Amino acid sequence: MLNKYKIVKDIPRMLRNFSCSKHLRSEELFVHRDSKDNNPSTPFEFTEANMTRLCAIIQNYPEGCQRSALSAALDIVQRQIGWIPISAMHKVAEILSMPRMRVYEWATFYTMNKRRFRGKFNVKVCVTTPCMLRGSDIILQAVEEATCCCAGSLSADGMFGVDTVQCQGACANAPVIAVDDDYYEDVNVCDVYNIIQTLKCGGIPPWGPQNGRFAAEPITGQTSLCECPPPPGFGIQPDLLQASTPKPGK
Amino acid sequence: MAGVLARIVQGTKSHLGIAAPLATISNGSVRFQQTESQGKTKFGPLADSDRVFTNLYGRHEWRLKGAMARGDWYMTKNILEKGTDWIVNELKTSGLRGRGGAGFPTGMKWSFMNKPSDGRPKYLVVNADEGEPGTCKDREIMRHDPHKLVEGCLIAGRAMGAQAAYIYIRGEFYNEASNLQVAIAEAYQAGLIGKNACGSGYDFDVFVHRGAGAYICGEETALIESIEGKQGKPRLKPPFPADVGLFGCPTTVNNVETIAVAPTICRRGGQWFASFGRPRNSGTKLFNISGHVNTPCTVEEEMSIPLKELIERHAGGVCGGWDNLLAIIPGGSSTPLIPKDVCETVLMDFDGLVAAQTSLGTAAIIVMDKSTDIVKAIARLIMFYKHESCGQCTPCREGVSWMNKIIYRFVEGNASPKEIDMLWEISKQIEGHTICALGDGAAWPVQGLIRHFRPELERRMEAYSMTHGPSKAERLY
């Protein structure tokens, strides 16, 4: 009797092996293994423009607090070559005078850091509940089919890397997919195919809501802010209009 | 994260059903300095002339010229010259409560910075992390009305004697950060911030710091850690950021919306702001309505507006009509859900929702109709919390992971009814025993589900045992 239930229980698990979505193994998050493309000797140098940008960003923080520029530094690396090899982390550690381990900590903690190449276009599908309620499961399936790439892996031609991500912060425009920096909101299955096709052909699909609305107003038309905005000084309080004597800098 | 991740000293828990974030200070109970309302009972649609965010939908120019035409940067110098006490008093009179989820009185928070300088500079940090599922209000402010935020930073900085503001914006918001950076550059060029801001003799800098994709960095101490270049792991409080914060200096962390309404409050008066909403829940709020509604949107409305009216007026009603409603999550994913009968009459403000055993949070309303698999929706939220847990403290790291495994078995009913009480107990063991409020944020949705949908859970378990025989849990326990 127990065996029958074991088989019945095992069938969904076996079937799951045939499905498309790949589960992210925890090793991917924390461990680095040297490989041909990703080892401490992998060549990496900031371009001159990027080095200027990085130096400007370091100026934003007080003297001695250049560690705060780590976020920007790794982001610049990612914009330059598409991902962050370990040699780039070492370079950043050297520039910001911090131990390499602190850079590894940052690189493994934050989800936007890509420690392996994620395709020319990294398509991210939000799967958290507000998007799920508006059909993100179907959108994910459509993205996987359109890019011929399972979530968590890379397409054969290296054009697309599909990832499932947590809430992207555009819930009133759900479902949302993000391609690199741009959000494609209010997408349906047709929109997904159009976007992926445009990217394949080298075009840039217009980002934002895909169903005709401009931002986060109701699709049937604005229910608020229908009048012109009031002019400067509207409703200003009398207390402010009185001439105030400047206080010595407090 | 604009969620309820601001843990405040827990006060009088005994007379509330849940450990709701209560504002207390260590030496007694809260007094909100606020004018009495005029006995208002109808909190209804806001007039456009009373709305603070006049470019919420991006219909007008967002740059400096357009912003000034809509009233931003008007008489800012006069406000700065009025000084710290005047500004903090206006905020206290207005009754503004933090819009990031915890609802701590802003005037009181800013007054904590009013202590003699000990040589360390003071900082303002603006929390634009907005990771709470359901919330998308700050992005509208930052891309369509960034000058309100920049001016707000200046005024808030003046009120607390800060020398610089760091706006921590989530890494995914690249285009919004771009708009904000342009607005800051325009303000610098026009002499509105920087040295001698607005000609008032006060020096103030504003910087944008981009995050890298972590919900936990919406928690104020984790945010400070993240700006310092470390992993976003929250600190224990005390010491509070007002004593030891960014770079070890006194810091105040506020949400974008809280800071962005400050200039309008100073211009139009705290009493004007306090005239909206019920006492101790005053002002206007940006609501995000998402999920199963006909026209999901972001809208600015008066506090204490009835939930039903809000959804029917602005979001086109629930899909399939109001009777098709199953449950609503009223304040972003960290708040417990409320079933339809509670939604009929509940008012959207802090006190009203606490009385309904939930919380206003970030006012991100997630509507679920009868077609929703409610257990799967909540299970998906717990998976979100498990993914976003920083891993520092055991109750959250292990407990949320455990809750995730259990609730996914509840989705298909592969569990015993005894496990419902076990899940409740686990959530109670996590809640209040963690370093930050992510543990609470994960525990509350589960408690809401069990409180209101226990029959649904039991029904699934029975249906499962009909087809598959007794579940493993049933056999073993």
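What follows is calculated from the coordinates using simple rules that are stated; it is not laboratory data. Computed from a predicted structure; not experimentally measured. All Cβ positions, glycine included, derive from the backbone under ideal geometry; neighbour counts span all protein chains shown.
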Could you please give the count of residues in the range B:243-300 that are without any contact (Cβ under 8 Å) to a residue 40 or more places away in the chain and more than 12 Å from every other protein chain (Cβ to nearest Cβ)?
2
Identify, from the list B:MET403, B:MET368, the residue that is under 30 Å from B:ILE311 (Cα atoms) and not aromatic (Phe, Trp, Tyr).
B:MET368
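Just a yes or no: is a residue in the range B:446-465 over 21 Å from B:THR372 (Cβ atoms) and either part of a helix (DSSP H, G or I) or away from every other protein chain (no Cβ under 14 Å) (or both)?
For the range B:446-465, residues over 21 Å from B:THR372 (Cβ atoms) and either part of a helix (DSSP H, G or I) or away from every other protein chain (no Cβ under 14 Å) (or both): present.
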Within the range B:250-263, is there a residue that is hydrophobic (A, V, I, L, M, F, W, C), over 22 Å from A:ASN173 (Cα atoms) and in contact with a Cys (Cβ under 7 Å, 6 or more places away or on another chain)?
yes
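A quick yes/no check of all residues on (1) within 29 Å of B:SER389 (Cβ to Cβ); (2) aromatic (Phe, Trp, Tyr); (3) more than 18 Å from the chain's Cα centre (by Cα):
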{"position": "B:VAL126", "(1), (2), (3)": "yes, no, no"}
{"position": "B:ARG158", "(1), (2), (3)": "no, no, yes"}
{"position": "B:ARG170", "(1), (2), (3)": "yes, no, no"}
{"position": "B:TYR174", "(1), (2), (3)": "yes, yes, yes"}
{"position": "B:GLU186", "(1), (2), (3)": "no, no, yes"}
{"position": "B:ASP203", "(1), (2), (3)": "no, no, yes"}
Considering residues of the range B:358-379 that are in a loop (DSSP other than H, G, I, E, B) and touching a residue at least 60 places away in the same chain (Cβ under 8 Å) only, the residue nearest to the other protein chains (Cβ to nearest Cβ):
B:THR372
Considering only residues that are buried (at least 20 other Cβ atoms within 10 Å of the Cβ) and more than 10 Å from chain A (Cβ to nearest Cβ), look in the range B:68-91 and name the one that is farthest from the chain's Cα centre (by Cα).
B:THR76
Considering only the range B:191-212, how many residues are more than 30 Å from A:THR108 (Cβ to Cβ) and either assigned to a loop (DSSP other than H, G, I, E, B) or more than 9 Å from every other protein chain (Cβ to nearest Cβ) (or both)?
15
